[in-house]
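Structure, as structure tokens:
Every read-out reported here was derived from the displayed coordinates using simple, explicitly stated rules and does not represent laboratory data. In this text the structure is predicted, and so the values were computed from the model without any measurement. Reconstructed Cβ throughout: ideal geometry from the backbone, glycine too, with neighbour counts over all protein chains shown.
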């Protein structure tokens, strides 16, 4: 891979990230409401508010606050949470793992299931199976994710008792490391499947389109003519090429996964940044909100970059300038 | 498939025929049409005032109240019907804002080229990575739940793809002779934009618009779930959010708004598919 | 191909289901439920083994709705922090479920100089969770350096009245006030004045001390671990100063934000205790022997709360008391109780909550639901029916003729149902109400600082004494940007004087008379309208019992599974 190209793509990230930070910061400044009240509680006296206001520098001018934030952000210091009095980055970091686990699992599950569904749909393109797969995956996409989550919770967790109803671990976790791992998987399964269900449609559709196209190419016809088995043709020859688009959209999907995770975390009591964000919204905890914004948008941008660069390794037809 | 002006009317009539030739196009168009009609005639169709507590509290579906009532005793069917209107108003307004900005940015960018094009495209990249759902949460929580806030935030961030499409059309048309000749004949830039370029970009714009509407309806629903819906305008998201606390005792409050959202989003997506097929854009 | 995919998926599901067998399936043992389960040792519950006495050991899993952020209840009044941390700490004086002061860290007290001086005798057998002995210095430090600085309610009430807090010796603390001060004993519980350790916090900024995340207290349970937004684990304090308590080995608090998810977790057996029951679920749980309910006026934000409508008296529209009365006649408060609260509470019959027995007004002339009278009064006040269901001003002081009778109604998002009912009931008499849900910080700024509103609803918690949570709503000196104070901007010299008199009168009967007179004035003038007194229900699995409504809810609880 060309180092100059990578460097140029990296440089292109900076204005995007700067733009996002600016948008979030302006929004926070324009909004009515005063974070001091989140910080100092509901019934303090005026003197007490003045004291806390000074302590957290809320009376500085807007450019000063923005400049302070930007220079701190570069050093990895996103300021101190108004409500918790701890560094925002520390707090976000504590929740990040849970969200990454949830979103990552959903990404893997939806990609695998989506590719399988897409392959089936492509092989029986125009048939009943194709239509069934399209209908089911598109319906899962069309249904609000919280709704699917609630139905899954009521049915699989409450009625059937297959999964725990909330959280990431049991109140009384098993003693062994392996037991704890299984415990975690057990808690992860339902929220990850729900979050993944939304994404299957886009993956299976891309796979199907790419594969249908591939299967009609001369390259594949030649392979068939050589007498190779159809499954070999599909899996060995056509799929590898057809998968390119599936990987290029992973970057875009990261954004949707984070969005979906906010909602899924709330349905399933999953302790990630989505829930942190919602409580920060309720208290207008600026540093936390700005931090999460910065993080989510950076994740999207970086994921775009990685998929961009990785595309070439999946589909050798892509050549870098 | 780039068509000249004389062909566009013909294109419009055959497009509908081709749309209805596919199952997904047929289903999508019908569902979308139904939802639009319900939204337009909500006042006539709704059996009751959706905001008036006229019935018993938490009644399951009965002949009187086909979708049951909520805790305050309001008729859910009327709520779902009026919700269609609110959800469509939000979605279509966002679509309109996005269309206007997308056409302006894409048109100027493709037409002007050079540095301005560079700057606008860089700006587009920034807007593209803005996490829209997160922005919407922030905006609604800060400025209070209001339709206008939601429309502005989503509209101002949803035009990127339209701008790209328009820009690509402009670039490809600029390269074509007949535009060049139109230009040399002294036609004004805006006239070329509206007469020659937009008609060709609009079909793709409509596909994107159908998918955008679906996306906006889902976002609105999720905001409602998070308790960030506007109580002054009954929307599907608001109904779904209200159903939260009644999950175990009043299934109808969650099921009917959920089904309405799912059906509409599905319909819009199928319509998008159908249009894609009909235009041979796949 | 599709078949093998199906088999693979099925296999995956089986594996996942098999995991459930190990941890998920908790069989619920059905124990007869004694309904209230409040008092310790009230042993109706008979099991086959013994007479149902307390059982030692076991884990109680508790659902909490928000992450506490930190576990120091002395520096905040945040409900989330208090719910999660009060079991770790103690106050000098605790309150029984009836609201009576009972010994806590102080085993005795004496009130002298007509209520100006309080002398507390502390227990000498209390140790902090790290083994350091507890002394009077801890109390003095907690008040002077922490509570009166950072606990907003205590600093605003005790802090404004106290002259000095001193420790003549290790087991004595003396509070001296500038004037007689009646409510002190109600303000020393773990909620209002948790005592923190001098040796842990001395010389540090209490907001930034790492002990806020690894707290050291004196309470029945001690800290084990805190996973933000996930769970907090506490274990039994074997050295607790109350002999034999607690019974439980462990309390685990799980953060579950959605009320609906909490109910599902309880029903699935994943948690044992919820701090509240969503209204519509109440009836179902009441009828189910697998659960016990505990009725209480204590809410996480305070106790004895009344949902109260404020009329912004800065607005000409509301300056005519007859208009205010007309609007109150349009409100069917019984409907609020039934359709919003699902009968978890009662219709408010006085400005002061019935939970403060001595101060609660009797036989007051509260405006009754009468929409016809409301319409007539509006008409008489110059708000004339336009024939299309709306009204407009005609000859109203300070309002231009033709101004429609339209106003906004501000509320927390959680109170949307109140707003919807308010809107539709007032709509019946021709008032056009627009709801404006605002998150608490924005609400406070809009209402109390910018005063940019017409009407609003606030859950005003009266606390255990009018001095704590009633006075703030009415006194003239609170017409300034103080959150949750005089929301209507009401001013009446007589009312101010009566509140002052009430605070300085120590004799309960004399105080009752003062507050009765006060409430008669308030009901006549209607600067606010008091809708419903809210009540909470705690719910727990019937396998666990012995709970109380206070912050020390699990101090004497036990589980028999």
Please report the projected area of region C:302-534's Cα convex hull averaged over all directions, in nm². 11.9
Could you work out the mean count of beta carbons from other protein chains within 10 Å of each residue's beta carbon in C:261-271? 6
Partner shielding of A:152-165, as the mean number of partner chain Cβ atoms within 10 Å, equals 6
Please compute P(r) over all alpha-carbon pairs of region C:127-197, binned at 10 Å starting from zero, and give each bin as a whole-number percent. 20, 54, 23, 3
Quick note on A:27, A:184, C:426, ordering by fewest other C-beta atoms within 10 Å, gives A:184, A:27, C:426
Angle between the Cα long axis of helix B:147-157 and the longest principal axis of chain B, 0 to 90 degrees, nearest 10? 30
Output needed for region C:281-430: three equivalent-ellipsoid semi-axes, defined as square roots of 5 times the C-alpha gyration tensor eigenvalues, in descending order, whole Å. 34, 17, 14
Ordering of C:170-178, B:213-221, C:407-415 by packing [mean C-beta count within 10 Å, highest first]: B:213-221, C:407-415, C:170-178
When the convex hull of the Cα atoms of region C:441-561 is projected onto a plane and the area is averaged over all directions, what value comes out in nm²? 10.6
To the nearest Å, what is the center-to-center distance of region C:396-417 and region A:258-282, using C-alpha atoms only? 34
I need the peptides B:228-240, C:127-139 ranked by packing, meaning the mean over residues of other C-beta atoms within 10 angstrom, with the highest value on top. B:228-240, C:127-139
Cα-derived Rg to Rh of region A:93-314, Kirkwood definition: 1.04
Projected area of chain C, taken from the Cα convex hull and averaged over every viewing direction, in nm²? 31.8
Over the C-alpha atoms of region A:117-192, what are the Rg and the largest Cα-to-Cα span, Dmax, in Å? 17.2, 52
Please state the Cα pair-distance histogram of region C:81-236 with 5 angstrom bins from zero: what percent is in each bin? 2, 9, 18, 23, 21, 14, 7, 3, 1, 0, 0
What Kirkwood radius, in Å to one decimal, follows from the Cα pairs of chain B? 20.5
What percent of all Cα-Cα pairs in the protein assembly as shown falls into each 10 Å bin, going from 0 up to the bin containing the maximum distance? 2, 9, 17, 22, 20, 15, 9, 5, 2, 1, 0
Under the 7 Å Cα-to-Cβ spin-label approximation, residue C:176 and residue B:26 lie apart by a distance in nanometres of 9.4
Distance between region C:60-80 and region C:434-505 - C-alpha centres, whole angstrom: 26
So what's the convex hull volume per residue for the Cα atoms of region C:206-326, in Å³? 230
Calculated from DSSP helices alone, with each H run of at least 4 adding -39500 (n - 2.57) and the total divided by the residues of the protein assembly as shown, [θ]222 nm to the nearest 500 comes to -15500 deg cm²/dmol
How long, wide and thick is region B:21-172, going by the Cα atoms along their three principal axes, in whole angstroms, largest first? 66, 47, 21
